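*Asks:* Please find one structure pasted underneath; my questions will follow.
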There are 2 protein chains.
Amino acid sequence: MNIRFYNARILPMEKADATVIEGELWVENGRIAYLGDPGKTEKPAFDREIDCRGNLLLPGFKNAHTHSAMTFLRSFADDKPLHNWLHEDVFPMEAHLTGDDIYALTKLAVLEYLSGGTTAAFDMYYHVDRIAECARDTGFRFVICGAANDYGGTAESTRRDYEALNAFDPLVSCRLGFHAEYTTNESLLKDLAALAEELKAPVFTHLAETRAEVDDCVNRTGMSPIAYLDSLGMFRYGGGGFHMVHLLDGDLEIIKKRGLYVCTNPSSNVKLSSGVAPVETYYREGVPVAIGTDGPASNNCLDMFREMFLVTGLQKLTVGADAADPVKVLHSACSVGANMMGLDDCDCLAVGKQADIVMLDMHMPNMQPINSVAKNVVYSGSKANVALTMVAGRILYERGRYTFDVDPEAVYAKANEIITRIRIMEGR
Amino acid sequence: MNIRFYNARILPMEKADATVIEGELWVENGRIAYLGDPGKTEKPAFDREIDCRGNLLLPGFKNAHTHSAMTFLRSFADDKPLHNWLHEDVFPMEAHLTGDDIYALTKLAVLEYLSGGTTAAFDMYYHVDRIAECARDTGFRFVICGAANDYGGTAESTRRDYEALNAFDPLVSCRLGFHAEYTTNESLLKDLAALAEELKAPVFTHLAETRAEVDDCVNRTGMSPIAYLDSLGMFRYGGGGFHMVHLLDGDLEIIKKRGLYVCTNPSSNVKLSSGVAPVETYYREGVPVAIGTDGPASNNCLDMFREMFLVTGLQKLTVGADAADPVKVLHSACSVGANMMGLDDCDCLAVGKQADIVMLDMHMPNMQPINSVAKNVVYSGSKANVALTMVAGRILYERGRYTFDVDPEAVYAKANEIITRIRIMEGR
C-alpha cells in the first residue's frame with residue numbers, strides 16, 4: 001500500500017524540537033518516501049490519499065516498558081505496594097497462564113496500544129514465542145526483553161530466544177535482559193553478563209524501582225543494584241533500566257559512563273507507591289529517557305498520554321514548575337523509546353524511516369486553540385484524539401476500528417474467560 | 001424526550017459503593033423515572049430506546065472547580081509557578097477579554113466537558129451573565145461561583161449576580177464566593193461574610209493552594225487562610241475551598257466544624273508545583289472531597305478521568321499504595337462534587353433525580369476484562385470511552401458528535417481568533 005497524507009501538520013521529532021511542518025507525507029513499501037511541502041509534483045501512484053484536514057502526524061509512541069499479557073489482572077491486583085502485589089496477587093495468578101492465554105492476553109494489549117497511538121512495545125513476559133506470533137498476526141511491533149530469573153530461564157534459553165526472535169519476523173526483535181537483580185542469583189547474572197559480552201549486546205532489566213530493593217542490595221552486596229550489576233560486567237555494551245527511581249551516589253556516573261537508557265513508568269510508580277524517578281536530573285545530565293506504561297496490572301491502562309503528562313507533572317511537583325519540558329517529554333515518548341528498543345529506523349518521521357505513524361485529530365476541543373501543537377499533545381492530548389495508527393506502513397487502527405483481521409469482541413470474551421478460569425482455580 | 005436505556009450496567013453512586021445494577025434506566029421529562037431490572041412491564045411511550053449492549057451508565061462527572069473561559073491560554077501560559085504564571089501571563093492577557101470572548105471561550109470548554117462525560121461545572125470567572133447564556137444555549141449545567149476581589153467586584157455586585165443567576169435558567173445557579181484571601185482586602189471580606197450571614201449561604205474560594213499563600217497569610221494575620229477567613233465569620237453557613245493543599249494545625253478542625261467541602265485539583269497542583277493535597281486525610285476524617293480540573297491554562301485539559309487517576313495516584317505516592325480507594329474517588333467525581341455545587345438533584349442515579357448521565361463504552365480494550373467496573377473507570381478509563389453525555393434528560397454528545405445546535409469548527413476558529421488578537425495586543 002502506498003499512502004499519501006496531505007494537508008497535514010507534521011511533528012518529525014528528529015530531535016526534541018517542536019517545529020511543525022505543514023505539508024505531505026508519503027508512505028511507500030512500509031517506509032516514509034517523502035515529507036515536506038505540497039509543491040512537489042512528481043507523485044507516485046497511491047493506493048490511498050488521506051486528507052488530514054490539518055490533523056497532526058507524529059512518530060507513533062514507543063511503550064518502552066510493559067508486560068502486555070498482564071491485561072488479565074487489570075482491576076484485580078490493586079492498592080498494594082510492589083512486594084505484596086507481586087507475591088500475593090501476581091505470581092500465584094500468573095502461574096496458571098498457558099501459552100495460548102498469553103497469546104490472547106497480549107492481543108488484547110495490542111488493541112489498546114493501537115487505540116492510543118502506540119506503534120511498538122518493549123515487552124517483558126514469558127512464552128515469548130507467543131508474543132512474537134501476536135506481532136506477526138496483528139502487524140504490531142514488539143521488541144521482546146529477556147526475563148530470565150531464579151524462577152525460570154538460563155543464559156542458554158536467553159540466547160536461544162534471542163536468536164530465534166531476531167530471525168522470526170521483521171516486526172519482532174529481541175534484546176538481552178533479565179527480570180531484576182532481586183529475583184536473579186549471582187551465578188545466573190554472571191552467565192548473562194558473559195552472554196552480553198559474547199554477543200556484544202546491551203542488557204535491560206527492572207532496576208532501582210523501590211527503596212527496599214536498593215537497601216536490600218546494599219545490605220547484601222555493599223553496592224547499589226546499578227553498581228552491583230555493573231561490577232559483574234553486565235553493561236559493557238550498554239543497555240538500560242526500567243523504573244530507575246532510586247539512585248545512590250555514584251549511580252549517575254555509571255549510567256553516563258555505560259550510556260544506559262532509563263525508561264520511566266510514572267503511573268506504575270505512583271500506583272505502587274514506589275516513588276518519583278529523577279527524570280529532570282536525567283534530562284539535565286543528558287541521560288536518554290524513554291517512557292513506558294509498565295504492565296496493565298500496575299497502571300492499569302496502556303496509555304502513553306497519561307504517562308507523558310505524569311512524567312512532566314511529577315517533575316514539576318518535585319523539582320519546580322519549569323521542570324521536564326513538554327517537548328523533551330514528547331521526544332522521549334516518540335523517539336528515545338525507539339532508540340532504547342533498538343528501533344533506530346522508527347524513531348522519527350524522515351525519508352527512509354519506517355512508517356510507524358500516529359495521526360492525532362486536532363478538530364477536538366481539547367486541542368484548541370493551537371498555541372503550541374506539541375504542548376497541546378503532552379498537556380491536554382488524550383487517546384480520544386488518536387485518529388489513525390500505522391505500523392510499518394500498514395494502517396492498523398482508524399477512527400475506532402481495527403483494520404486488520406481481528407474480532408475485538410472475541411478478544412474481550414477470551415480475556416474474561418481466562419481470568420474467570422484462574423480465579424476459580426485460585427479460589428478468589 | 002422520553003428515553004429508555006436497556007441492557008445497561010448501572011453504577012448509581014448513591015454512596016461510595018461499586019455495586020453494579022444490570023438493567024434499565026428510563027428518562028422522562030428530564031428526570032430519572034425508573035431504574036432497575038428489565039422485568040417491569042408497564043412501559044411509557046419512549047421517543048428513543050437505546051440498547052446499551054452492556055455499556056455503563058453512571059452519574060455525569062461534576063467538575064467542581066474550573067475557569068472555563070481560560071481555554072484561550074491553553075499551551076500558552078505554562079511551566080511557571082502560580083505567582084509568576086498569574087502575574088506574567090494570565091492577568092495581562094485576561095485584561096483584554098470581552099464578554100463576547102468569554103461566551104465563545106466558555107462554549108469551547110463546554111464542548112470539552114461533554115466529550116469527557118462532564119455534565120456540570122462549578123465555574124469561577126467574570127462576565128458571569130455570558131457564562132449563564134452559554135449554559136442556556138448549549139444545555140450544559142453551570143454553577144457559577146462569585147469571584148469578587150480587589151481588582152473587581154463588591155458585596156453588592158456579588159448579591160446582584162447571585163440573585164440574577166439563580167433566577168436565570170434551571171441550568172444555571174450561583175453560589176457566593178470570592179477569588180482568594182490573598183487577592184481580597186479585609187473590608188471586602190467582611191462585607192462578603194455579612195452577605196453570607198444575611199443570605200444564610202455557603203461561601204467558596206481558592207484556599208490554601210500554595211505554601212507561599214499560607215505563609216504570607218500567617219505573617220499578615222497570625223492565622224492560616226482558613227482560620228483567618230473563619231475568624232471573619234465567612235463560613236457560618238458552610239462552603240468550601242478549592243485546592244486545600246497546605247493545612248496548618250487547627251485547620252482540619254475548622255473544616256470539620258463548618259462542614260466545609262474540599263475540591264481537589266491535582267493536575268493543576270502538580271503542573272504549577274503547588275503540592276499534593278492531603279486527600280487521604282480528608283477521606284479518613286469524613287471531609288467531603290470533590291474533584292475539579294481547575295482552568296485549562298493550568299492543567300491544560302478538562303478531563304475528569306485524568307483527575308481521578310491523579311487523585312488516587314498522588315495519595316498512593318505520598319501516603320501508601322492502599323490510599324484513596326478508587327470507589328471513593330469515583331464517588332467524589334460523580335456525587336460529592338454535585339453536593340458541593342448545591343446540585344443535590346444531580347448527585348446519583350435514582351428515581352426522581354435529574355437525568356445527568358454519562359454512558360461509558362465497555363467494548364474497548366482498556367475496559368477489559370471486567371474484574372471491577374468501578375476500578376476500570378478510575379484506573380484505566382479515558383474520555384475515549386465516553387459514548388454519550390446527557391444533561392437534564394437531553395443528549396448533548398453522542399459518539400463524537402454534538403447533538404445540540406453548535407458548529408464546533410466555528411467555536412475553534414473563534415478561540416484561535418481571540419488568542420491571536422490578544423497576542424498581537426500584548427506583543428507576544
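The values are calculated or read from the model by the stated rules, or taken from the named source; none is laboratory data. Just so it is clear, the model here is predicted, and its values are computed rather than measured. Note that each Cβ is placed from the backbone with ideal geometry, even for glycine, and that neighbours are counted across all protein chains shown.
*Asks:* For A:A333, indicate whether it is buried (at least 24 other Cβ atoms within 10 Å of the Cβ) and in the same structural domain as A:A120 (by TED's automatic domain parsing).
*Replies:* yes
*Asks:* If I filter region B:243-261 down to residues being crowded, with 18+ Cβ neighbours inside 10 Å and at positive phi, which single residue comes out as farthest from the other protein chains (Cβ to nearest Cβ)?
*Replies:* Checked region B:243-261; the qualifying residue farthest from the other protein chains (Cβ to nearest Cβ) is B:M244.
*Asks:* Could I ask something else about it? Only residues that are touching a helix residue (DSSP H, G or I) at 6+ places or on another chain (Cβ under 9 Å), under 28 Å from B:I226 (Cβ atoms) and either of a type in the set (K, R) or part of a strand (DSSP E or B) (or both): list them for region B:162-189, please.
*Replies:* Within region B:162-189, B:S173, B:C174, B:R175, B:L176, B:G177, B:F178, B:A180 meet the criteria.
*Asks:* Could you tell me whether B:K271 is basic (K, R), closer than 22 Å to A:A324 by Cα and within 13 Å of another protein chain (Cβ to nearest Cβ)?
*Replies:* When the stated conditions are applied, B:K271 passes them.
*Asks:* Right, here's the next one. Identify all residues within region A:37-84 that are among the aromatic types (F, W, Y) and away from chain B (no Cβ under 13 Å); write none if there are none.
*Replies:* Of everything in region A:37-84, those that are among the aromatic types (F, W, Y) and away from chain B (no Cβ under 13 Å) turn out to be A:F46, A:F61.
*Asks:* Report, ordered by the first and then the second residue, all pairs with beta carbons closer than 7 Å, sequence separation of six or more or different chains, a first member in region B:262-275 that is free of Cβ contacts under 8 Å to residues at least 40 places away in the same chain and crowded, with 24+ Cβ neighbours inside 10 Å, and a second member that is among the β-branched types (V, I, T) and not in a helix (DSSP H, G or I).
*Replies:* These pairs meet every condition: B:V262/B:V287; B:V262/B:V289.
*Asks:* Would you check if there is a residue in region A:401-414 being closer than 30 Å to B:S68 by Cα, in contact with a strand residue (DSSP E or B) (Cβ under 6 Å, 6 or more places away or on another chain) and at pLDDT 95 or above?
*Replies:* no
*Asks:* A further question on this structure: Quick one: which of B:T106, B:T154 is touching a helix residue (DSSP H, G or I) at 6+ places or on another chain (Cβ under 9 Å) and surrounded by fewer than 19 Cβ atoms within 10 Å (Cβ to Cβ)?
*Replies:* After ruling out the rest, the residue left standing is B:T154.
*Asks:* I'd like the full set of residues that are under 24 Å from B:C174 (Cβ atoms), part of a helix (DSSP H, G or I) and either of a type in the set (D, E, K, R) or in contact with a His (Cβ under 8 Å, 6 or more places away or on another chain) (or both), limited to region B:72-106.
*Replies:* Within region B:72-106, B:E94, B:G99, B:D100, B:D101, B:I102, B:Y103 qualify.
*Asks:* Return the total of residues in region B:400-428 being in contact (Cβ under 8 Å) with a residue 12 or more places away in the chain and at the interface with chain A (Cβ under 8 Å from one of its Cβ atoms).
*Replies:* 6
*Asks:* If we keep just the residues of region A:322-356 that are facing chain B (nearest Cβ under 9 Å) and charged (D, E, K, R), which is nearest to the chain's Cα centre (by Cα)?
*Replies:* Checking each candidate, the answer is A:D325.
*Asks:* What tally of residues in region B:18-40 results from selecting those that are more than 22 Å from B:K62 (Cα to Cα), touching a residue at least 12 places away in the same chain (Cβ under 8 Å) and surrounded by fewer than 16 Cβ atoms within 10 Å (Cβ to Cβ)?
*Replies:* Adding up the residues that qualify gives 5.
*Asks:* Scanning for something hydrophobic (A, V, I, L, M, F, W, C) and in a helix (DSSP H, G or I), does region A:59-71 turn up at least one residue? Working first, answer last.
*Replies:* First, the residues of region A:59-71 that are hydrophobic (A, V, I, L, M, F, W, C): A:61, A:64, A:69-70.
Of the ones still in play, those that are also in a helix (DSSP H, G or I) are A:69-70.
Looking for residues that are hydrophobic (A, V, I, L, M, F, W, C) and in a helix (DSSP H, G or I), one finds at least one in region A:59-71, hence yes.
*Asks:* Hey, can you tell me all the residues within region A:276-321 that are touching a residue at least 60 places away in the same chain (Cβ under 8 Å), of a type in the set (D, E, K, R) and facing another protein chain (nearest Cβ under 8 Å)?
*Replies:* A:D303 - this is the single residue of region A:276-321 that is touching a residue at least 60 places away in the same chain (Cβ under 8 Å), of a type in the set (D, E, K, R) and facing another protein chain (nearest Cβ under 8 Å).
*Asks:* Kindly indicate whether B:A121 is assigned to a helix (DSSP H, G or I) and small (G, A, S).
*Replies:* Considered against the rule, which asks whether it is assigned to a helix (DSSP H, G or I) and small (G, A, S), B:A121 comes out as no.
*Asks:* Could you tell me whether B:K15 is of a type in the set (D, E, K, R), touching a strand residue (DSSP E or B) at 6+ places or on another chain (Cβ under 9 Å) and surrounded by fewer than 15 Cβ atoms within 10 Å (Cβ to Cβ)?
*Replies:* no
*Asks:* Can you run down the residue pairs with Cβ atoms below 9 Å, 6 or more apart or on separate chains, where the first is in region A:357-375 and facing chain B (nearest Cβ under 8 Å) and the partner is acidic (D, E) and crowded, with 22+ Cβ neighbours inside 10 Å?
*Replies:* Every condition considered, the pairs that remain are A:M364/B:E112; A:P365/B:E112; A:N366/B:E112; A:N366/B:D303; A:Q368/B:E112; A:S372/B:D78; A:K375/B:D78.
*Asks:* Given the condition of a type in the set (D, E, K, R) and either surrounded by fewer than 17 Cβ atoms within 10 Å (Cβ to Cβ) or in contact (Cβ under 8 Å) with a residue 60 or more places away in the chain (or both), answer yes or no: does some residue in region A:1-8 qualify?
*Replies:* no
*Asks:* How about region B:380-399: which of its residues are more than 11 Å from chain A (Cβ to nearest Cβ) and not in a strand (DSSP E or B)?
*Replies:* Of everything in region B:380-399, those that are more than 11 Å from chain A (Cβ to nearest Cβ) and not in a strand (DSSP E or B) turn out to be B:A392, B:G393.
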